[in-house]
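Only one structure is covered here, and it is reproduced in the block below.
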Amino acid sequence: MKLGKVRTKDKFGAGLEAKNQASAGVKTRGEWAVTLIRGGEVQWTEHIKNTTTTSAHDYALDVCLKNGTSETNWYVGLVQTGATIASADTLASHAGWGEFIAYTGATRPAWTAGSISAGSVDNSASKASFGINAATAVGGAFLAAENTKSGITGSLYAVGAFTGGDRTGLQTDDTLEVTATFTAADDTA
């Protein structure tokens, strides 16, 4: 093989193509830990993961970036069995599920948030507690800005159904404790 010589009239070209695309966004998530307690003993704990609702994203943008009116209090609710959850669900319109109300409290229990740290907040120091008053089953949980049982005004922040199916076998005098954790993180993480 013989290498040729470069002559002054020969042309050389080189090119570099770079794509400098940055992705910026935020993922919000909700995770629920629902624990059944019977006679002071934990019977089971079920975890639910879900994405927050579209109305929650709109709410966050409105409050954070447009000086919209923020909700003062949030409340935990339970979902009936056979739930089909959709990101478009609102408290006033959620055709795929109904609210579970077979508990002793007159209203939905308050969600008492702890400190926000590393893009996460939860109510683990003050779990929402539901005293069950019927032999029944439950399908999931939600967070809303209204405390009225079956109330449909206010914001729906998140809702989720048990991934393994409804939890059956609840009995009168059982207690369901609900811990809700919400996170916001870079969507590339």
Residue check, Ala86 surrounded by fewer than 17 Cβ atoms within 10 Å (Cβ to Cβ), hydrophobic (A, V, I, L, M, F, W, C) and at positive phi: no
Qualifying positions in the range 141-174 - under 21 Å from Asn73 (Cβ atoms), out of contact with any helix residue (DSSP H, G or I) (no Cβ under 9 Å at 6 or more places or on another chain) and buried (at least 22 other Cβ atoms within 10 Å of the Cβ): Ala141, Phe142, Ala144, Val159, Gly160
Restricting the range 24-38 to residues that are assigned to a strand (DSSP E or B) and more than 13 Å from the chain's Cα centre (by Cα), the residue that is nearest to Asn123 (Cα to Cα): Val34
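Yes/no per residue for (1) in contact with a Lys or Arg (Cβ under 7 Å, 6 or more places away or on another chain); (2) at pLDDT below 95; (3) under 24 Å from Ala56 (Cα atoms):
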position	(1), (2), (3)
Gly131	no, no, no
Val138	yes, no, yes
Asn147	yes, no, yes
Ile152	no, yes, yes
Tyr157	no, yes, yes
Asp174	yes, no, no
Glu177	yes, no, yes
Ala185	yes, yes, yes
Thr188	no, yes, yes
For the range 118-136: of the residues being among the aliphatic types (A, V, I, L, M) and without any contact (Cβ under 8 Å) to a residue 60 or more places away in the chain, which is surrounded by the fewest Cβ atoms within 10 Å (Cβ to Cβ)? Ala118
Condition test on Ser115, is it within 18 Å of the chain's Cα centre (by Cα) and either of a type in the set (Asp, Glu) or surrounded by fewer than 17 Cβ atoms within 10 Å (Cβ to Cβ) (or both)? yes
Condition test on Asn123, is it under 20 Å from Ser70 (Cα atoms) and modelled with pLDDT of 95 or more? yes
Is there any pair linking a residue in the range 73-91 that is farther than 18 Å from Phe130 by Cβ to one that is part of a loop (DSSP other than H, G, I, E, B) and of a type in the set (A, V, I, L, M, F, W, C), with Cβ under 6 Å and at least six apart or on different chains, and which? Leu91/Ile152
Search the range 39-98 for residues being in contact with an Asp or Glu (Cβ under 6 Å, 6 or more places away or on another chain) and in a strand (DSSP E or B), and hand back the single one that is farthest from Phe142 (Cα to Cα). Lys49
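The values are calculated or read from the model by the stated rules, or taken from the named source; none is laboratory data. As the structure is a prediction and not an experimental result, all values here were calculated from the model. As a convention, Cβ positions derive from the backbone with ideal geometry for all residues, glycine included, and neighbour counts pool all protein chains shown.
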